[in-house]
Amino acid sequence: MKQKFISSVQIILQLALTTAGLTGQSYPGKPRIIRCRSLEKETFSCWWKPGSDGGLPTNYTLFYSKDSEEKIYECPDYQASGPNSCYFDKNHTNPWTTYIITVMATNEIGSNSSDPQYVDVTSIVQPDAPVNLSLETKTSASITYLWAKWSPPPLAAVSSNSHVYRYELRVKPEEKEEWETISVGEQTHYKVTGLQAGVKYVVQVRCMLDLGEWSEWSSERNIQIPNGESPPEKPTIIKCRSPEKETFTCWWKPGSDKGHPINHTLLYSKEGEEKVYECPDYKTAGPNSCYFDKKHTSFWTIYNITVRATNEMGSNVSDPHYVDVTYIVQPDPPVNITLELKKSVNRKPYLVLTWSPPPLADVRSGWLTLEYELRLKPEEGEEWETIFVGQQTQCKMFSLNPGKRYIVQIHCKPDHHGSWSEWSPEMYIQIPTDFRVKDMVVWIIVGILSSLICLIMSWTMILKGYRMMAFILPPVPGPKIKGIDKHLLETGKSEELLSALGCHGFPPTSDCEELLIEYLEVEDSEDQQLMPSHDTPSKNTKMIPKETDSDSGRGSCDSPSLLSEKCRESHALPSTLQTQDIRAVQENKGAKRSWETQCIASEQKTLLFNNESTKSSTWPAVQLPPNNQLPMFAYHSNVEAHKIILNTTNVNISPVLEGNEEKYQSRYPITETVHDNMEKQREMENSKMEQTTVQVKQNRQNDKSPFLNPKLMDYVEVHKVRQDEEPTVLLKHKDNNGKTEKYTVPGTSKEYTKVSTVVDHNILVLMPDSHIQHTPVSQEPAMETSQNLQQGQAEKNMSYCLTAPSDCKRETSGSDYMDPSSFMPSFK
Amino acid sequence: MSAKGASQKGLLLVALLVSNMLLTKEGVTSLPICPNGSVNCQVSLEELFDRAVKLSHYIHFLSSEMFNEFDERYAQGRGFIAKAVNGCHTSSLTTPEDKEQAQQIHHEDLLNLVLGVLRSWNDPLIHLASEVQRIKEAPETILWKAVEIEEQNKRLLEGMEKIVGRVHSGETENEIYSPWEGLPSLQLADEDSRLFAFYNLLHCLRRDSHKIDNYLKLLKCRLIHDNNC
């Protein structure tokens, strides 16, 4: 501008000169100071415009003066700022001074001065424009911005680097007119945001120093703001899936797109073909997907699929994806799921699940075969129970917990390849509370009640065991004597006893007999003691020594029960046993003496042997006396399998018995009247023994067991008493087998020792015998103690009676039962 | 060797089990239907198809397993799949490639195609069973499967011939099959190439066995159940 101006002035001047030359030469025209300017407040320059030169070469001289001085100076430097200018360097520049400047033009003819110009350096500062403006776009956090950088204006003065400029930036789209000006501050770079992608922008920058003027705008810079990234990111093929093994779809994940959409193209080639096809259908399966319909779907063929993402800046291709549709089948979940509760035969509920294959899947043609899996859990449960059910479309579930709510889901899968479908929507089923639970409660209650009852029962049993037992198993009443005083028995005299019994005088009268129970029991209790009593009188009698003195009548009356009482006392045996075991056979109806004779074993004349093998081993000598007609005691031990057969009078078999005792510690001879295998044994034995015998059987299997085997207990009852012709007593066996009967003699003082007849097969008729038992026929002569017995039946009775308690005492397990047979001293 | 022997024993056991299963099936469930006056008591076509489908299912199961094992063990990172698109030796047999094609083709033709594919595999399976033993550190599971597939393929071929004989009305077609010339590739010195040859063969085996299985299931539903399986 300036130069133009100058040159134009020069042209004018030249024109003037030529005119002057034509018209004549003149003094120069008046120059004009155009402008004074300081770039950085330390130096400044002034420019002027020459006036007409008057046709002659003209010199221009600039003079200045300061407001504080009168002196006039000339321009220090006409060169630095170009022609028609004056440069005031640092030394000539004072910011606090006002300069008065004039320019004088001089030629040969004359001179001319300009108007003075007053210059305050501070006010004329205007820096040059910044330089080196550079632009670039950057992307940070998916935001694209413009990054502008520039440099401060260059200065000639070396020291000017310390100046601080303020900058301004202006930006506009290329095609627009309006600038957007941005105040930058003192930094020499700036981040421009909010620009539209894909638009070209023009950017300029200017600066200012303190109070001066803004510099010129710098030269323009252009920049294109890109569309998002360039080129677009590589897309990724996520997956391909065929829902029904007829079509398939591939999805991809595009690269990030900002602002401008990226164009995606799916390309594929099939195995064995060179040609590359483009996706037939971008729309059906939604955005970023490609749907291959039936026509475009081949199986057992590998597809090579790629996705190309393109924008204006370029394109990018995904990694190839190889797909054989055969292996990417993933069906939809099964549908039409129904849950049904049914009850089986045993009324247990079970769950029936039915479902249908997904509607898309063509299962019927066999092209696709589906397999199913279901899972279920209680609603509050954590873990699923998964059940693979194969190809069937129904399933029964047993053993579900009643009262719980179950969640059921089903999914399916092609038979070989592919993947499981999604789980079907959750189905709920409430399993009803099972009645079995109620049943359980009922049963529990019943159980508790019954156990309670049992407890009570057992408690009462313990407390009142005897009574209960008696109640349940009513014993055959023994010949008890009412009102008897045991102490009397033990210590008192016989008279007292008798008086206590109400039997006054001896022999006991019928009054006394009335007290007696009408039963005659033959007992299988431990009468063993009776046996040794003969052998060891001292032992046996020590218990009741006094009673041995008493006569036989009393013995017949009371001894068995007394003994039993004693035994019970001394040994505290179970009372039940006592009652049961009171089997002393007693002759009632006043037949006091008939004891011995009454106690007849059954019609069998022989002793009973349980054990055949050893039956005769122990007692051969005793057993088989010559006459074989002795009433005998049979000792029988199951364990030892031997029997001892004793004649009632053969009390002197004691050694053997003793031995037996020692051997077995406890022998419980029982008068045995009945035996199951009696007949058999009878045959084995010498069955010819005619006399009434008493078997004393040791039925003890266990030596220490105080209890008798109830099965072995036999007794007889008086079946019938015939008083009409000659008094007889029919004894009937009361035991189950009832094969034998004893015949005791009723009546008053008669002894019925004679077998009158055998009625039927179980009834023995006894007749009173004139010659009493005093001379037992079967007495063993060898036996020493037999004589004692023969002395009198009363004595014998007593002695027998006495033996019992002693035995009871001696053996803890001994029972107190008297065997009436033991009292029978003799028969016939 | 002992391991190999054991595997063969195991293989034998499996074969016995399978055959036993089939035999049991035959004995129990499929009493031959003997129409009055008929001379030949034949196993019903349905039963034949049942067995064939079971067998093809089993063969494909084995081949899939074998391929997967091989792929995991030898093919990782080698990019075999990209090279495997060259096709299989049975690709010369034009088989239906989708459901429509499979449904349109006549069942006799489809049966013949199945036969052709099965025959085409006779040879390579024999070689596969022997050559696979030379693979370095080939696991037992791959070895016995190769043998098993070879045997079962023969068995299936027999069954299919029986079915085809039953179904075909007229004369049977010529024996079509696609020859295999891949033996040298299985014996290549270069391990990578050799492994790829195996890979490709197993890949093709898996594909073709699946084809056969699929076709047989289709045929069964079509011929036996009238497209209503």
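Diffusion coefficient of the stretch A:134-225 by Stokes-Einstein, Kirkwood radius over Cα pairs, 20 °C, 1.002 mPa s: 152 µm²/s. Distance between the modelled labels on A:Leu195 and A:Trp443, one decimal in nanometres: 8.8 nm (7 Å Cα→Cβ projection). Counting Cβ atoms of other protein chains within 10 Å of each Cβ in A:321-327 and taking the mean gives 3.
Relative to the current alpha-carbon distance between A:Gln392 and A:Thr61, full extension at 0.36 nm per residue lengthens the span by 107.5 nm. The trypsin sites (Lys or Arg not before Pro) of the stretch A:50-95 that DSSP puts in a loop, and whose beta carbon has at most 16 other beta carbons within 10 Å, are A:Lys71. Computing FRET efficiency as 1/(1 + (r/R0)^6) for A:Lys295 and A:Tyr350, where r is the C-beta to C-beta distance and R0 is 56 Å, gives about 0.75.
Using only atoms on other chains, find how many Cβ atoms lie within 10 Å of each Cβ of peptide B:203-215 and report the average. Spell out each step's value before the answer.
Details: counts 2, 1, 0, 6, 7, 1, 1, 7, 3, 0, 3, 10, 2.
For this peptide, the per-residue mean of nearby foreign Cβ atoms is 3.
Counting Cβ atoms of other protein chains within 10 Å of each residue's Cβ and taking the mean over peptide B:219-226 gives 2.
Going down the table (A:Lys295/B:Lys54; A:Lys413/B:Lys220; A:Lys149/A:Lys200; B:Lys154/B:Lys217; A:Lys348/A:Lys404), which pairs top 23 Å between alpha carbons?
A:Lys295/B:Lys54
Between B:Asn68 and A:Lys176, the modelled labels are 6.2 nm apart [label points 7 Å from Cα along Cα→Cβ]. With the cut-off at under 17 Å, measuring from each backbone N in the stretch A:77-101 to a point 7 Å along the Cα-to-Cβ line of A:Asp120 picks out A:94-101.
Using 0.36 nm per residue and subtracting the Cα-Cα separation, the extra length available between A:Ser111 and A:Tyr73 on full extension is 11.9 nm. Length available on full extension from A:Asp281 to A:Glu216: 0.36 nm per residue minus the Cα-Cα distance, which gives 17.5 nm. Look at A:Phe398, A:Phe88, B:Phe61 and count the other Cβ atoms within 10 Å of each Cβ; fewest to most, that gives A:Phe398, B:Phe61, A:Phe88.
Summarising the label geometry, the points placed 7 Å from Cα in the beta-carbon direction at A:Gln25 and A:Leu341 lie 13.5 nm from one another. What shape does the stretch A:335-437 have by the C-alpha gyration tensor, where a ≥ b ≥ c are the square roots of the eigenvalues, rounded means a/c under 1.5, and otherwise prolate means a/b greater than b/c and oblate the rest? Prolate, because a/c is 1.5 or more and a/b exceeds b/c. Computing FRET efficiency as 1/(1 + (r/R0)^6) for B:Ile176 and A:Trp420, where r is the C-beta to C-beta distance and R0 is 51 Å, gives about 0.85.
FYI, it's all coordinate maths here, none of it is from the lab. For clarity, every value in this text was computed on a predicted model and none was experimentally measured. When we count neighbours, we look across all protein chains shown, and the Cβ atoms used for this are built from the backbone with ideal geometry, even at glycine.
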